[in-house]
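Peer 1: Attaching a single structure in structure tokens format; questions to follow.
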Amino acid sequence: MSLNVEHQSVRTLPSEKPIRLLDNAGHAVRGAASGGFELPELGTLLELYRRMVIARRFDVQVTALTKQGRLATYPSAYGQEACEIGAISAIEARDWFFPTYRDSIALLTRGIEPGDILQSFRGDWHNGYDQHAHRTASQATPLATQALHAVGLAHAARLRHDPIVTMTYLGDGATSEGDAHEAFNFAAVWQTPTVFLVQNNQFAISVPLSRQTRAATLADKAVGYGMPGYHVDGNDVAAVYAVTRAAVERARAGGGPTLIEGLTYRIEAHTNSDDPTRYRQSRDVEHWKRRDPIERLEKYLVSEGALSESVRAEITDAAESVAAHTRDLMTVEAEIDPLELFDHVYARPRAALLEQRARLEAELADAAVRAAAQPTGAGR
């Protein structure tokens, strides 16, 4: 047996200090702390700022609608805008994105309509948008399952000589799943053009990162699979964008997959049904609020003269317009047809499924007849 020792590449662990291009005060970072990456140009940073402001306003609006009972549930990404927007902005329209349930603001940035994004959260459809048109898969609720899909599609594209890249987001808890291991390993072995972004918001619902791994960083896991890994300040959108953009370009050129860990924090609850006060301290939340990704970039743009009051007002108006549009869409009651439960299950429905559909159709027809026969005002 030969280990081909002479051909093995030297692999180094990612730094425990995350890569930064902007510090907490909005100052440019250079030298070793930058990891060798360059700060994106001002035009790119201003566009990232615009997208983050709009994304947060959308997120806040949807959270409010959920509290009003307009949606069944919603997992907020408040505070994680740098990861969400920085990474999704690094891929092209032709590339495929495989999101999780928390990545609605990335879908919004991808150009998907708010009403289509939110259909699943209010129980209309499991997926409300055309996946092929937007090159975006359904938001995955099971942990890490979408990572396998991202790798599979990337491998198929590579076999067809289709120069696309796939990107998938995972949470820190998802890295403990077997599906994540299989996706990482397959991608590295077959050198698929896949970028894995792990948003390490430090809690898998109530389980802290210390119960997920003994590794110094989640990016360390990349070394074991034989692919590059980067530990990035997940509240620095400039760093997230620069590192992800480099990974995308590397993947498209045939360099294989990359694992990127963005160190961030979930400011809001896991979902509206969660009580985060049972497992974390309010002082920790306040600490991370002071590391706000939008404020950090805003300070830099103002210092460079790239963000005037007129530009800021224009961005704010655009964000309010998206929020108002979202409110309008969610105040219209959806017309639900229970028989849609049986659509798109099989290309050729099985006999048992057709029988169930017929029974439900008969029950609905009977209920409609009885409702029509009921005297007006009865039951009040």
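Peer 1: Starting from residues that are open to solvent by 50 Å² or more (accessible area, probe 1.4 Å) and outside any helix (DSSP H, G or I), keep the ones in the range 309-343 and report whichever is farthest from residue 357 (Cα to Cα).
Peer 2: 331
Peer 1: Now, a different point. Restricting to the range 281-298, name every residue that is touching a residue at least 24 places away in the same chain (Cβ under 8 Å) and aliphatic (A, V, I, L, M).
Peer 2: Matches in the range 281-298: 294, 297.
Peer 1: Which residue out of 163, 208, 193, 142 is surrounded by fewer than 20 Cβ atoms within 10 Å (Cβ to Cβ) and over 28 Å from residue 273 (Cβ atoms)?
Peer 2: Step by step, each of 163, 208, 193, 142 is checked, and only 163 is surrounded by fewer than 20 Cβ atoms within 10 Å (Cβ to Cβ) and over 28 Å from residue 273 (Cβ atoms).
Peer 1: Sticking with this one: Condition first: at pLDDT below 95 and either of a type outside the set (S, T, N, Q) or touching a Cys at 6+ places or on another chain (Cβ under 6 Å) (or both). Now tell me which residues in the range 69-88 satisfy that.
Peer 2: Within the range 69-88, 69, 70, 71, 72 qualify.
Peer 1: Confirm whether residue 277 is part of a helix (DSSP H, G or I) and of a type in the set (S, T, N, Q).
Peer 2: Spelling it out, residue 277 is indeed part of a helix (DSSP H, G or I) and of a type in the set (S, T, N, Q).
Peer 1: Output the residues belonging to the range 218-240 that are of a type outside the set (A, V, I, L, M, F, W, C) and over 20 Å from the mean Cα position of the chain (by Cα).
Peer 2: 220, 221, 224, 225, 226, 228 - these are the residues of the range 218-240 that are of a type outside the set (A, V, I, L, M, F, W, C) and over 20 Å from the mean Cα position of the chain (by Cα).
Peer 1: Do we have residue 207 as at negative phi, of a type outside the set (Phe, Trp, Tyr) and modelled with pLDDT of 95 or more here?
Peer 2: Here the answer is no, as residue 207 does not meet what is asked.
Peer 1: Let me ask something additional. Among (1) within 24 Å of the chain's Cα centre (by Cα); (2) without any contact (Cβ under 8 Å) to a residue 60 or more places away in the chain; (3) in a loop (DSSP other than H, G, I, E, B), which single condition is residue 270 missing?
Peer 2: (2)
Peer 1: Residues of the range 166-183 being of a type outside the set (Gly, Ala, Ser), open to solvent by 10 Å² or more (accessible area, probe 1.4 Å) and touching a Ser or Thr at 6+ places or on another chain (Cβ under 9 Å), which ones?
Peer 2: 175, 177, 179, 181
Peer 1: Something else now. Consider the range 299-308. How many of its residues are in a helix (DSSP H, G or I) and touching a helix residue (DSSP H, G or I) at 6+ places or on another chain (Cβ under 8 Å)?
Peer 2: 2
Peer 1: Would you confirm, using the coordinates I've provided, whether residue 358 is over 30 Å from residue 20 (Cβ atoms) and of a type in the set (A, V, I, L, M, F, W, C)? Step through it out loud before you land on a result.
Peer 2: Details: over 30 Å from residue 20 (Cβ atoms): yes; of a type in the set (A, V, I, L, M, F, W, C): yes.
Yes; evaluated as a whole, the condition is true for this residue.
Peer 1: Filter the range 23-78 down to the residues that are closer than 18 Å to residue 106 by Cβ and of a type in the set (Gly, Ala, Ser), then identify the one that is surrounded by the fewest Cβ atoms within 10 Å (Cβ to Cβ).
Peer 2: Applying the filter and picking the extreme gives 76.
Peer 1: Kindly provide the set of residues from the range 283-298 that are outside any helix (DSSP H, G or I) and open to solvent by less than 80 Å² (accessible area, probe 1.4 Å), ordered by number.
Peer 2: Within the range 283-298, 291, 292 qualify.
Peer 1: Moving on. Looking only at the range 177-200, decide whether some residue is of a type outside the set (Val, Ile, Thr), more than 27 Å from residue 92 (Cβ to Cβ) and either out of contact with any helix residue (DSSP H, G or I) (no Cβ under 9 Å at 6 or more places or on another chain) or free of Cβ contacts under 8 Å to residues at least 24 places away in the same chain (or both).
Peer 2: Scanning the range 177-200, I find at least one residue that is of a type outside the set (Val, Ile, Thr), more than 27 Å from residue 92 (Cβ to Cβ) and either out of contact with any helix residue (DSSP H, G or I) (no Cβ under 9 Å at 6 or more places or on another chain) or free of Cβ contacts under 8 Å to residues at least 24 places away in the same chain (or both), so the answer is yes.
Peer 1: Restricting to the range 302-328, count the residues that are more than 25 Å from the chain's Cα centre (by Cα) and not charged (D, E, K, R).
Peer 2: 9
Peer 1: Looking at (1) over 22 Å from the mean Cα position of the chain (by Cα); (2) assigned by TED's automatic domain parsing to the domain that holds residue 273, can you tell me which one residue 50 breaks?
Peer 2: Here residue 50 meets the rest and fails (1).
Peer 1: What's the total number of residues in the range 93-120 that are within 18 Å of residue 165 (Cα to Cα) and in contact (Cβ under 8 Å) with a residue 60 or more places away in the chain?
Peer 2: Total satisfying the criteria: 8.
Peer 1: Say we look at the range 213-252 and pick out the residues that are modelled with pLDDT under 95 and of a type in the set (A, V, I, L, M, F, W, C); which of these is farthest from residue 295 (Cα to Cα)?
Peer 2: Looking at the filtered set, the residue picked out is 215.
Peer 1: Name every residue in the range 79-130 that is open to solvent by less than 10 Å² (accessible area, probe 1.4 Å) and in a loop (DSSP other than H, G, I, E, B), in order of residue number.
Peer 2: 79, 80, 90, 95, 99, 103, 112, listed by residue number.
The values are calculated or read from the model by the stated rules, or taken from the named source; none is laboratory data. These numbers come from a predicted model, not from an experiment. So basically every Cβ, Gly included, is an ideal-geometry build from the backbone, and we count neighbours across all protein chains shown. When the accessible area is computed, the model is the full protein with side chains, heavy atoms only, and any ligands, DNA or RNA have been set aside. Shrake-Rupley method; radii C 1.70, N 1.55, O 1.52, S 1.80 Å.
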